[in-house]
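Asks: What follows is a single structure, and I will ask about it in a moment.
The values are calculated or read from the model by the stated rules, or taken from the named source; none is laboratory data. Everything quoted here is computed from the prediction, not taken from an experiment. For neighbour counting, all protein chains shown are included, and Cβ atoms are generated from backbone atoms with ideal geometry for every residue, glycine included.
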Amino acid sequence: MAETLVLWDVDLTLLDLRRIGGAWFSEAIVEVTGRDPVDVPAFGGRTDRWIAARLLDGVGLTPTDELIAAVHDAVVRITAAQRDRIAELGVVLPGVPEVLAALAGRDDVVQSLVTGNLRPVAGFKVDAFGLGRYLDLDIGGYGESSEVRSVLVADAMAEAGRRHGRDFAGSVVVVGDTPHDVDAALAHGARAVGVATGRHGTDDLRAAGAHAVLPNLADLDRVLTTLVG
C-alpha cells in the first residue's frame, strides 16, 4: 500500500514551457470575447481559473462561470491543436525523468500532479515528454477547480484517498517552484518542498515556509531523501 503521496507542480518544476504557454490563453480570450488582452498577469503559481478570471476582467467583462468555462474550452482546443509544439519548444528540467521513474518504482509512493493547469492541458504537457507514464493523472488537483490553489491540494488528497482506500493526511509532499505552491501545501499540513527552477530563488521559497528547498532535481539521491527519506 502506498504510504506517501507526492504531488508535483508542472510548469517550471517539471517542465519549462515559457515559450508557448501564455499565448494559448491570449488566443483563447480573443476567440471567446473578440477582445485582445493587454494587461496579462503573471501566471506563476496561479490556477487556470484564476488566470481566466483576471484576463476577462482585463478586457472589461465579468468573469462568470459560463465565460470562464468557454475560455477553458478554447484553451484546451488550442493546446490540443498545437500539441506537437510542446515537445519542440518546451524543455524537461534537469533530473525530472530520473526522479519520477525512481518514485514510480517504489511500492510505498504514489505520485500525481497539483497544477494550475487544466486537467487535459496538464496531460498534454507531461505526455509530450513521456512523463505521464510515471504519474496517476486521475487523482491530481487541476486548475479548473478553483482560483485558490490550496483547493487543488485538497482535491488531489481526496481523490488519492478514494483510489487507495486510505487517508493520506500527514503523508503528502507537494513539490513546486513558487510561494503559492508552498502556501497550498501548508494549508493542508503537507510537506512543502520548493524547487528553485523558476522565478523564485531559494530565499523566497524558504521565506514562504517551505520545509526544504532544492536548487533543482538533478541530484537524484538528494531529491529522493528530501521527498521520501
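Asks: Which of the residues spanning the range 76-112 are part of a helix (DSSP H, G or I) and of a type in the set (Ser, Thr, Tyr)?
Replies: THR79 - this is the single residue of the range 76-112 that is part of a helix (DSSP H, G or I) and of a type in the set (Ser, Thr, Tyr).
Asks: Could you list, in sequence order, the residues of the range 11-57 that are at positive phi, modelled with pLDDT of 90 or more and of a type in the set (Gly, Ala, Ser)?
Replies: GLY34 - this is the single residue of the range 11-57 that is at positive phi, modelled with pLDDT of 90 or more and of a type in the set (Gly, Ala, Ser).
Asks: Quick check on the range 72-91: of everything there that is surrounded by fewer than 17 Cβ atoms within 10 Å (Cβ to Cβ) and in contact (Cβ under 8 Å) with a residue 60 or more places away in the chain, which residue is farthest from PHE25 (Cα to Cα)?
Replies: Restricting to residues being surrounded by fewer than 17 Cβ atoms within 10 Å (Cβ to Cβ) and in contact (Cβ under 8 Å) with a residue 60 or more places away in the chain, the top hit is VAL91.
Asks: Could you go through the range 108-122 and let me know if any residue there is under 27 Å from ASN216 (Cβ atoms), surrounded by fewer than 17 Cβ atoms within 10 Å (Cβ to Cβ) and in contact (Cβ under 8 Å) with a residue 12 or more places away in the chain.
Replies: Yes, some residue in the range 108-122 is under 27 Å from ASN216 (Cβ atoms), surrounded by fewer than 17 Cβ atoms within 10 Å (Cβ to Cβ) and in contact (Cβ under 8 Å) with a residue 12 or more places away in the chain.
Asks: Which number in (1) surrounded by fewer than 15 Cβ atoms within 10 Å (Cβ to Cβ); (2) under 30 Å from TYR134 (Cα atoms) marks the one condition that LEU14 misses?
Replies: Failing condition for LEU14: (1).
Asks: Only residues in the range 47-71 that are not assigned by TED's automatic domain parsing to the domain that holds GLU27 and surrounded by fewer than 24 Cβ atoms within 10 Å (Cβ to Cβ) count as the first member; pair them with residues that are modelled with pLDDT of 95 or more and of a type in the set (Gly, Ala, Ser), Cβ under 6 angstrom, at least 6 apart or cross-chain, and list the lot.
Replies: none
Every residue, every condition in (1) closer than 30 Å to ASP57 by Cβ; (2) assigned by TED's automatic domain parsing to the domain that holds VAL10; (3) modelled with pLDDT of 95 or more; (4) in contact with an Asp or Glu (Cβ under 9 Å, 6 or more places away or on another chain), yes or no:
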residue: THR115; (1), (2), (3), (4): yes, yes, yes, yes
residue: TYR134; (1), (2), (3), (4): no, yes, yes, no
residue: GLY141; (1), (2), (3), (4): yes, yes, yes, yes
residue: GLY165; (1), (2), (3), (4): no, yes, no, no
residue: VAL174; (1), (2), (3), (4): yes, yes, yes, yes
residue: ASP183; (1), (2), (3), (4): yes, yes, yes, no
residue: ALA187; (1), (2), (3), (4): yes, yes, yes, no
residue: ALA192; (1), (2), (3), (4): yes, yes, yes, yes
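Asks: May I ask you to verify whether LEU118 is of a type outside the set (Ser, Thr, Tyr) and out of contact with any Gly (no Cβ under 8 Å at 6 or more places or on another chain)?
Replies: no
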